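Contents: one structure, followed by commentary.
The values are calculated or read from the model by the stated rules, or taken from the named source; none is laboratory data. This structure is a prediction, so every number in the text was calculated from the model and none was measured. Don't worry about glycine lacking a Cβ; one is built from the backbone with ideal geometry, like all the others, and counts go over all protein chains shown.
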Amino acid sequence: MEFHNREKEIEGLMRIIKSEPTLITFIYGPINSGKTALIKKVIEDLPKDYVAFYINLRERMIKDYRDFIQELFETFDVKENLLLDLLEETTKFMGIPISRNLLEKIFSRDKPGDAFKYIVNLTRKLKDSGRTPIIVLDELQKIKDIKINGYLLYELFNFFISLTKENHSAHVFAITSDSLFIERVFRETKLYGRARYFLVDDFDYKTTEEFLRKHGFSSEEIELTWKYFGGKPVFLIEAINNKDNIKEFCASQLSLRKRQIKEIIKGRNFKILKEFKGKEEVIVEEIDEEIEYLVENNILFFDPVRGILKPQSRLDLLAIREIVP
């Protein structure tokens, strides 16, 4: 997807990266708002005194601790003492680099803490050499139900706290579109004062207009696209691909989304959805089962900072308004 106009977000992330590691950073926002594209852009442009380890948990099914560890690391057929030489030459890795032999030893010992001890030692060595490690975990909510001496998630965040707030040896970014997952983690792992929120939302109108006009959209086409899709980057790309029949494309996407939402709610009477007949956002004091269901099924998005609910996209808002009596 084309990267466009995220200067404000890039500046915000770089301010965090240039400071001493102290807090875990949750990068959150509605689905398909560009969170992954943003962090990849930041990683791509990092100066050489940083080294980033990007772990994408969406790419495979993770059913147990072993699966998670395999995704956490990137293995190399080198001796352990040669890894630092490898790190000196590279600023980006698809995982935390480890020698294949050492990873096999960690698995054979069946001691989960050994993997975390290795990361602590590696980040300290990098810090001592004048480089700042950055650990990015994308779609972290995929491991929320994995257990190993209790939930793996809690062990993991205690470990992240040691890297950031206690040792100041690495930045940790956790990316997720599941804001209820963030709320659960904050509450159950006591992250107050140990983590921050960083919102990556859909484009505003001005950014959307600039983006579409760059691709030859007329004012009428821009207004139509905004009406149906708002500033959702993935839909804007699709609108550009369907520019020659944009009216038919918009209508077909709304029809499709209405059918999808009807199937998800299956005729149930969700009172919260009626709130969006005349509003685009709703302030909520408590997350009940109804809201949890709609958020988990990507109909609504909950912003834990502002305490508001809104549809995941402009298309969802239009569909809700047509479906709900």
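Total residues in segment 24-42 satisfying the condition of being in contact with a helix residue (DSSP H, G or I) (Cβ under 6 Å, 6 or more places away or on another chain), among the aliphatic types (A, V, I, L, M) and not in a strand (DSSP E or B): the figure is 2.
Looking across segment 169-178 at every residue that is small (Gly, Ala, Ser) and within 27 Å of Glu20 (Cβ to Cβ), the one that is nearest to the chain's Cα centre (by Cα) is identified as Ala174.
No other residue among Phe235, Phe217 is touching a residue at least 60 places away in the same chain (Cβ under 8 Å) and hydrophobic (A, V, I, L, M, F, W, C) apart from Phe235. Filtering segment 5-29 to residues that are closer than 15 Å to Thr207 by Cβ and surrounded by 17 or more Cβ atoms within 10 Å (Cβ to Cβ) leaves Arg6, Glu9, Gly29. Condition check for Tyr154 on (1) crowded, with 16+ Cβ neighbours inside 10 Å; (2) hydroxyl-bearing (Ser, Thr, Tyr); (3) closer than 23 Å to Val305 by Cβ: one failure, at (1). Is it fair to say Thr123 is among the hydroxyl-bearing types (Ser, Thr, Tyr), touching a strand residue (DSSP E or B) at 6+ places or on another chain (Cβ under 9 Å), in a helix (DSSP H, G or I) and surrounded by 19 or more Cβ atoms within 10 Å (Cβ to Cβ)? For Thr123, the condition - among the hydroxyl-bearing types (Ser, Thr, Tyr), touching a strand residue (DSSP E or B) at 6+ places or on another chain (Cβ under 9 Å), in a helix (DSSP H, G or I) and surrounded by 19 or more Cβ atoms within 10 Å (Cβ to Cβ) - is met. None of Glu263, Glu248, Glu238, Glu188 is under 23 Å from the mean Cα position of the chain (by Cα), farther than 25 Å from Leu13 by Cα and not assigned by TED's automatic domain parsing to the domain that holds Asp145 except Glu238.
With respect to the conditions (1) without any contact (Cβ under 8 Å) to a residue 24 or more places away in the chain; (2) within 28 Å of Glu286 (Cα to Cα); (3) not hydrophobic (A, V, I, L, M, F, W, C), Glu166 lacks only one, and its number is (2).
Any residue in segment 85-92 that is of a type outside the set (Gly, Ala, Ser), crowded, with 16+ Cβ neighbours inside 10 Å and farther than 30 Å from Val305 by Cα? Scanning segment 85-92 turns up at least one residue that is of a type outside the set (Gly, Ala, Ser), crowded, with 16+ Cβ neighbours inside 10 Å and farther than 30 Å from Val305 by Cα. Note on segment 274-293: residues that are at pLDDT below 95 and buried (at least 18 other Cβ atoms within 10 Å of the Cβ) total 1.
Just the residues that are in a helix (DSSP H, G or I) and either under 20 Å from Ala170 (Cβ atoms) or under 19 Å from the mean Cα position of the chain (by Cα) (or both), please, taken from segment 43-83. Result: Ile43, Glu44, Leu57, Arg58, Glu59, Phe68, Ile69, Glu71, Leu72, Glu80, Leu83.
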